[in-house]
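One structure is given below, encoded as structure tokens.
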Amino acid sequence: MANAPGGREGREDREDREGGPVTIFGPDFPFPFDDWITHPSGIGSIPAERHGEEVAVIGAGISGLVAAYELMKLGLRPVVYEASQMGGRLRSQPFEGADGVVAELGGMRFPISSTSFYHYVDKLGLQTRPFPNPLTEAAGSTVVDLEGETYYAGSLGELPPLFTEVADAWANALEEARFTDIQNAIRARDVATLKSFWNDLVSRWDDRTFYDFVASSQAFSKLSFRHREVFGQVGFGTGGWDSDFPNSMLEIFRVVMTNCDTDQRLIVGGAAQVPRGLWRCPAPRPAHWPQGTSLASLHRGAPRPGVARIAREADGWLTVTDEWGSTRRYSTVLVTCQSWLLTTQIECEESLFSEKMWTALDRTRYMQSSKTFVLVDRPFWKDKDPRTGRDVMSMTLTDRLTRGTYLFDNGEGQPGVMCLTYSWMSDALKMLPEPVERRVQLALSALRKIYPDLDIASHIIGDPITVSWEADRHFLGAFKGALPGHYRYNQRMYAHFMQGKLPAAERGIFMAGDDVSFTPAWAEGAVQTALNAVWGIMTHFGGAAHPDNPGPGDRDDTLAHLDLGD
Ligand SMILES: Cc1cc2nc3c(=O)[nH]c(=O)nc-3n(C[C@H](O)[C@H](O)[C@H](O)COP(=O)(O)OP(=O)(O)OC[C@H]3O[C@@H](n4cnc5c(N)ncnc54)[C@H](O)[C@@H]3O)c2cc1C
């Protein structure tokens, strides 16, 4: 794979996966989505007499558009509704006047273990490059600033020993949870072994927090409180993780065991090109539709407006009413917006889901996140300080307000982009009431304490760009962050695409997206749940997966989640 070396191996290698790459294969539902969508026989078919029938797809984010694209290939007519911007939380906002230079307001770094996501990136021919994460070669240099002390380094080993002790403690703590064994089972795609190790962790850790894991691990128990604190502030792979300390430890296990936190790449020109590209991309050899058919051509250019109501009529058909009052009838509806919107933005008939499902949809919890970007005249941070020979500024991790500052070099002669601050939870809430100018001032003031001799403001050109996802009524939060005790809710939402055992009154409405996924905050989870929904919709239309290429719902007996009981 050109873009994601090691992300996927050729099909001939599948027999011998022992040394295969770590991918987002489960661990909760270890189905090989990447193999399913690349199988030469295709993913399946629906009966010809149902070709051309409409399916409502609510939301034009990555999950909605992956699902719509695959449903179009199966010969259905997806009708996409979007209340806000196409691309959803893959939002690359261009800086005015700077062609192709964007602020990545949502997803911005994509681990190569996201093999289904990269399938679509590659299909669209998009270029990627390493993301400038802390202490990586792509960042060049990193500054860690904690409790007023500032350290400059190119790699972990150049930081004071405390940081290596923290990194080692984290690695050892994970081994207490069989990290290497689980990764080996993922590499080998050995479902039985993976499930036995993972289910053991589910029963022991669903009820307990990330902080509990760190504090009670043998590795950290031997060390000081300061080690835990530094771990929270500097974290692993991508930056500080203390915002996640209250989350269920299972969330964190999933991230590290599937390598979501390592080998991340950015999409040159912006991640929004993935969903937007799928909108325009002609389906190769679609069932029913003429060659060259795309989602854009089926919609005559634009999606339908936002959805205001979903209901069921007496004859069993579902109706979708848009915000301008137009109502259309469908046998099948796919909802991909955040599930809280089913009780805030959309009047959704209660009988469409069981009470247990409503509990899961409403109790699901979102994390807050804020980012503020500025365009600068050039990547001035690479200038050398004549006194020290060091970069005048670096990718910066700090316990101050900014938390993480990321620097994007767009190449010779191009303006640079600074993500002055990317923060979550309490740190994001501190920014929430502030307008963009004040956010920039607050960030610059924090950075001035770390770089007293550097005039960052003198490099700023154009208007700054900011986001607080929790302030947007079409999202209400950045992404799911499951709390202790939420495994059952996750499981209910995730498995809902297998509707064989549901009462008739609850069938035909499907869900996909970040908050349905077991790996929220990673686009791969949105893609995988979209593919689950495609399987569910295909079978709902009387179709089936190709016999040589069983789909996610065909393997539920072996892949089924652990039932923790009520
Ligand atoms: C700050 C942030 C950072 C992230 N970082 C990363 C990262 O680095 N790497 C990574 O892999 N992932 C990252 N993610 C996660 C990734 O962006 C998401 O998993 C993914 O984009 C979610 O896609 P989705 O289709 O499930 O949902 P969405 O993108 O939210 O799509 C749902 C769509 O539904 C629309 N909608 C809402 N209400 C209605 C309505 N009434 N009618 C019609 N449409 C409606 C919304 O406008 C939206 O476009 C990040 C997300 C955020 C917010």
Which is surrounded by fewer than 22 Cβ atoms within 10 Å (Cβ to Cβ) and outside any loop (DSSP other than H, G, I, E, B), of Asp557, Asp548, Asp566? Asp557
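Hey, any hits in region 118-137 for a residue that's among the polar types (S, T, N, Q) and under 19 Å from Thr372 (Cα atoms)?
yes
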Residue list for region 310-333, restricted to those being loosely packed, with under 15 Cβ neighbours inside 10 Å and farther than 15 Å from Glu54 by Cα: Glu313, Ala314, Asp315, Gly316, Trp324, Gly325, Ser326
Just wondering, is there one or more residues in region 488-505 that are within 8 Å of the ligand (Cβ to nearest atom) and part of a helix (DSSP H, G or I)? no
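In contact (Cβ under 8 Å) with a residue 24 or more places away in the chain and in contact with a strand residue (DSSP E or B) (Cβ under 7 Å, 6 or more places away or on another chain), is that true of Trp170?
Yes: the conditions hold for Trp170.
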Under the condition of being over 16 Å from Gly269 (Cα atoms) and touching a helix residue (DSSP H, G or I) at 6+ places or on another chain (Cβ under 9 Å), which residue from region 124-141 is surrounded by the most Cβ atoms within 10 Å (Cβ to Cβ)? Pro134
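In region 81-96, how many are within 6 Å of the ligand (Cβ to nearest atom) and touching a strand residue (DSSP E or B) at 6+ places or on another chain (Cβ under 8 Å)?
Keep residues of region 81-96 that are within 6 Å of the ligand (Cβ to nearest atom), which gives 81-84, 88-90.
Adding the requirement that they be touching a strand residue (DSSP E or B) at 6+ places or on another chain (Cβ under 8 Å) leaves 81-83, 89.
The number of residues fulfilling the criteria is 4.
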Going through region 450-485 one residue at a time, which ones are within 16 Å of the ligand (Cβ to nearest atom) and either assigned to a loop (DSSP other than H, G, I, E, B) or modelled with pLDDT under 95 (or both)? Asp472, Arg473, His474, Phe475, Leu476, Gly477, Ala478, Gly481, Ala482
Just the residues that are assigned to a helix (DSSP H, G or I) and more than 16 Å from the ligand (Cβ to nearest atom), please, taken from region 43-71. Ala48, Glu49, Arg50
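The values are calculated or read from the model by the stated rules, or taken from the named source; none is laboratory data. Only a predicted model underlies this, so the values are computations on that prediction, with no experimental measurement involved. Heads up, the Cβs are rebuilt from the backbone with ideal geometry, glycines too, and the neighbour counts pull from every protein chain shown.
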